[in-house]
Amino acid sequence: MPTLYLIDGSAYIYRAYFALPALSNSKGLQTNAVYGFTTMLMKVLREHRPDSLAVAFDEKGPTLRHEEFKEYKAHRPPMPEGMQAQVPYIHRVVEAFGLAVIRFAGYEADDLIGTLARKAEARGFGVVIVTGDKDMFQLLTPAVRIYDPVKDKWFGEDDCRARFGVEPARVVEVMGLMGDATDNIPGVKGIGEKTAIKLIAE
(Lines give C-alpha, C1' and ligand atoms only; values in the text may rest on other atoms or scores of the structure.)
Protein backbone atom coordinates (compact mmCIF):
# COMPACT_ATOMS: atom_id res chain seq x y z
CA MET A 1 0.00 0.00 0.00
CA PRO A 2 1.50 3.40 -0.98
CA THR A 3 1.81 5.88 1.87
CA LEU A 4 1.07 9.60 1.83
CA TYR A 5 2.61 11.78 4.53
CA LEU A 6 0.76 15.01 5.33
CA ILE A 7 2.69 17.53 7.43
CA ASP A 8 0.98 20.26 9.47
CA GLY A 9 3.44 22.91 8.34
CA SER A 10 2.00 25.83 10.27
CA ALA A 11 2.08 23.95 13.56
CA TYR A 12 5.75 23.11 13.12
CA ILE A 13 6.65 26.68 12.18
CA TYR A 14 5.28 27.84 15.53
CA ARG A 15 6.89 24.92 17.34
CA ALA A 16 10.32 25.64 15.85
CA TYR A 17 10.12 29.40 16.33
CA PHE A 18 9.36 29.24 20.03
CA ALA A 19 11.50 26.19 20.83
CA LEU A 20 14.77 27.42 19.33
CA PRO A 21 16.89 30.48 20.17
CA ALA A 22 16.63 33.52 17.89
CA LEU A 23 19.12 32.40 15.25
CA SER A 24 19.82 34.79 12.37
CA ASN A 25 21.83 34.90 9.17
CA SER A 26 24.48 37.41 8.07
CA LYS A 27 21.75 39.79 6.85
CA GLY A 28 20.00 39.82 10.20
CA LEU A 29 17.04 37.68 9.13
CA GLN A 30 15.82 35.36 11.87
CA THR A 31 16.23 31.73 10.81
CA ASN A 32 15.21 29.66 13.84
CA ALA A 33 11.84 28.64 12.35
CA VAL A 34 13.44 27.84 8.99
CA TYR A 35 16.15 25.78 10.68
CA GLY A 36 13.79 23.90 12.99
CA PHE A 37 11.23 23.20 10.28
CA THR A 38 13.87 22.02 7.79
CA THR A 39 15.43 19.73 10.40
CA MET A 40 12.02 18.15 11.04
CA LEU A 41 11.31 17.76 7.32
CA MET A 42 14.67 16.12 6.65
CA LYS A 43 14.14 13.72 9.55
CA VAL A 44 10.83 12.58 8.06
CA LEU A 45 12.25 12.22 4.55
CA ARG A 46 15.45 10.49 5.63
CA GLU A 47 14.04 8.09 8.21
CA HIS A 48 10.68 7.23 6.66
CA ARG A 49 11.13 7.68 2.90
CA PRO A 50 7.42 8.30 2.17
CA ASP A 51 6.01 7.43 -1.25
CA SER A 52 4.35 10.85 -1.37
CA LEU A 53 4.49 13.89 0.90
CA ALA A 54 2.73 17.25 1.04
CA VAL A 55 2.96 20.10 3.53
CA ALA A 56 -0.17 22.07 4.47
CA PHE A 57 -0.03 25.65 5.71
CA ASP A 58 -2.56 28.11 7.09
CA GLU A 59 -3.43 30.90 4.68
CA LYS A 60 -3.61 34.53 5.79
CA GLY A 61 -6.98 36.02 6.63
CA PRO A 62 -10.19 34.82 8.30
CA THR A 63 -11.40 31.25 7.97
CA LEU A 64 -14.83 29.71 7.60
CA ARG A 65 -14.87 29.29 11.39
CA HIS A 66 -14.59 33.06 11.85
CA GLU A 67 -17.74 33.46 9.76
CA GLU A 68 -19.60 31.13 12.12
CA PHE A 69 -18.02 32.35 15.37
CA LYS A 70 -16.33 35.75 15.35
CA GLU A 71 -14.51 35.08 18.64
CA TYR A 72 -12.65 32.08 17.19
CA LYS A 73 -8.99 32.40 18.26
CA ALA A 74 -9.72 36.04 19.12
CA HIS A 75 -7.44 36.00 22.18
CA ARG A 76 -4.39 34.81 20.25
CA PRO A 77 -1.71 37.39 19.54
CA PRO A 78 -0.78 37.95 15.87
CA MET A 79 2.11 36.00 14.41
CA PRO A 80 5.40 37.63 15.49
CA GLU A 81 7.09 39.62 12.73
CA GLY A 82 10.23 37.53 13.07
CA MET A 83 8.23 34.39 12.38
CA GLN A 84 6.14 35.90 9.57
CA ALA A 85 9.29 36.94 7.71
CA GLN A 86 10.48 33.32 7.66
CA VAL A 87 7.29 31.76 6.25
CA PRO A 88 8.05 32.46 2.54
CA TYR A 89 11.49 30.90 2.96
CA ILE A 90 9.94 27.80 4.53
CA HIS A 91 7.58 27.49 1.55
CA ARG A 92 10.63 27.71 -0.73
CA VAL A 93 12.42 25.00 1.26
CA VAL A 94 9.46 22.66 0.77
CA GLU A 95 9.34 23.42 -2.96
CA ALA A 96 13.12 22.94 -3.25
CA PHE A 97 12.62 19.37 -2.06
CA GLY A 98 10.12 18.88 -4.89
CA LEU A 99 7.21 18.66 -2.45
CA ALA A 100 3.75 20.17 -2.65
CA VAL A 101 2.85 23.29 -0.65
CA ILE A 102 -0.87 23.08 0.14
CA ARG A 103 -2.78 26.20 1.22
CA PHE A 104 -6.21 27.57 0.43
CA ALA A 105 -7.93 30.81 1.43
CA GLY A 106 -10.49 30.39 4.19
CA TYR A 107 -9.10 27.09 5.44
CA GLU A 108 -6.52 26.10 8.04
CA ALA A 109 -3.81 23.52 7.51
CA ASP A 110 -5.64 20.90 9.56
CA ASP A 111 -8.79 21.35 7.43
CA LEU A 112 -6.76 20.61 4.32
CA ILE A 113 -5.05 17.66 5.97
CA GLY A 114 -8.38 16.17 7.04
CA THR A 115 -9.79 16.42 3.52
CA LEU A 116 -6.66 15.03 1.86
CA ALA A 117 -6.41 12.18 4.38
CA ARG A 118 -9.96 11.03 3.67
CA LYS A 119 -9.56 11.29 -0.10
CA ALA A 120 -6.21 9.47 -0.07
CA GLU A 121 -7.59 6.70 2.15
CA ALA A 122 -10.54 6.26 -0.23
CA ARG A 123 -8.04 5.78 -3.07
CA GLY A 124 -6.16 3.04 -1.27
CA PHE A 125 -3.34 5.00 0.36
CA GLY A 126 -2.06 4.58 3.85
CA VAL A 127 -1.84 8.03 5.43
CA VAL A 128 0.55 9.40 8.04
CA ILE A 129 -0.36 12.78 9.51
CA VAL A 130 2.75 14.50 10.85
CA THR A 131 1.59 16.63 13.76
CA GLY A 132 1.58 17.05 17.52
CA ASP A 133 -2.04 18.26 17.58
CA LYS A 134 -4.41 16.05 19.58
CA ASP A 135 -7.36 17.38 17.54
CA MET A 136 -6.13 15.20 14.69
CA PHE A 137 -6.97 12.06 16.66
CA GLN A 138 -10.47 12.28 15.17
CA LEU A 139 -8.96 11.33 11.79
CA LEU A 140 -7.41 8.04 12.93
CA THR A 141 -8.55 4.88 11.15
CA PRO A 142 -6.90 1.53 10.38
CA ALA A 143 -5.28 3.28 7.39
CA VAL A 144 -4.56 6.68 8.98
CA ARG A 145 -1.91 7.13 11.69
CA ILE A 146 -0.27 10.11 13.36
CA TYR A 147 3.46 10.65 13.77
CA ASP A 148 5.09 13.34 15.92
CA PRO A 149 8.75 13.63 14.82
CA VAL A 150 9.68 15.91 17.73
CA LYS A 151 8.72 13.25 20.28
CA ASP A 152 9.36 10.42 17.80
CA LYS A 153 6.00 8.87 18.70
CA TRP A 154 3.35 7.10 16.64
CA PHE A 155 -0.38 7.15 17.40
CA GLY A 156 -3.17 4.89 16.20
CA GLU A 157 -6.78 4.13 17.06
CA ASP A 158 -5.85 2.39 20.32
CA ASP A 159 -3.98 5.49 21.48
CA CYS A 160 -7.09 7.56 20.80
CA ARG A 161 -9.23 5.20 22.88
CA ALA A 162 -6.67 5.36 25.69
CA ARG A 163 -6.48 9.18 25.55
CA PHE A 164 -10.14 10.06 25.04
CA GLY A 165 -12.01 6.88 25.98
CA VAL A 166 -13.96 6.91 22.71
CA GLU A 167 -13.55 5.93 19.07
CA PRO A 168 -11.72 8.48 16.88
CA ALA A 169 -14.91 9.52 15.08
CA ARG A 170 -16.40 10.62 18.42
CA VAL A 171 -13.49 12.80 19.55
CA VAL A 172 -15.17 15.80 17.93
CA GLU A 173 -18.22 15.22 20.14
CA VAL A 174 -16.07 15.16 23.27
CA MET A 175 -14.33 18.37 22.24
CA GLY A 176 -17.64 19.98 21.34
CA LEU A 177 -18.92 19.45 24.88
CA MET A 178 -15.75 20.51 26.69
CA GLY A 179 -14.78 23.35 24.35
CA ASP A 180 -11.23 24.33 23.44
CA ALA A 181 -9.62 27.15 25.39
CA THR A 182 -6.65 27.37 23.02
CA ASP A 183 -9.01 28.27 20.16
CA ASN A 184 -11.35 30.34 22.37
CA ILE A 185 -14.22 27.92 21.71
CA PRO A 186 -16.62 27.68 24.66
CA GLY A 187 -17.97 24.32 25.75
CA VAL A 188 -21.06 23.42 27.74
CA LYS A 189 -20.93 25.17 31.11
CA GLY A 190 -19.82 22.84 33.90
CA ILE A 191 -18.58 20.10 31.59
CA GLY A 192 -14.86 19.38 31.53
CA GLU A 193 -12.92 16.70 29.71
CA LYS A 194 -13.69 13.84 32.12
CA THR A 195 -17.43 14.51 32.13
CA ALA A 196 -17.51 14.97 28.35
CA ILE A 197 -15.74 11.64 27.82
CA LYS A 198 -18.11 9.90 30.23
CA LEU A 199 -21.21 11.31 28.53
CA ILE A 200 -20.08 10.43 25.01
CA ALA A 201 -18.83 6.98 26.04
CA GLU A 202 -22.28 6.20 27.47
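The values are calculated or read from the model by the stated rules, or taken from the named source; none is laboratory data. These numbers were taken from a predicted model, which means no experiment stands behind them. Using ideal geometry, Cβ is built from the backbone for each residue, glycine included, and neighbour counts are taken over all protein chains shown.
Structure summary
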| item | result |
| --- | --- |
| Of residues in the range 154-174 being part of a helix (DSSP H, G or I) and among the small types (Gly, Ala, Ser), the one surrounded by the fewest Cβ atoms within 10 Å (Cβ to Cβ) | ALA162 |
| Tabulated pairs, the range 69-91, first surrounded by 15 or more Cβ atoms within 10 Å (Cβ to Cβ), second in a helix (DSSP H, G or I) and modelled with pLDDT under 65, C-beta under 6 angstrom, 6+ apart or interchain | TYR72/ARG65; TYR72/HIS66; LYS73/ASP183 |
| Of residues in the range 128-149 being over 13 Å from the mean Cα position of the chain (by Cα) and in a loop (DSSP other than H, G, I, E, B), the one nearest to PRO168 (Cα to Cα) | LEU140 |
| Enumerated helices (runs of 4 or more DSSP H) restricted to the range 1-116, each holding at least 3 residues that are modelled with pLDDT of 95 or more | 9-19, 32-48, 87-96 |
| The range 97-114 residues that are acidic (Asp, Glu), paired with ones that are buried (at least 18 other Cβ atoms within 10 Å of the Cβ) and at pLDDT 90 or above (beta carbon under 6 Å, 6 or more apart) | GLU108/ASP58 |
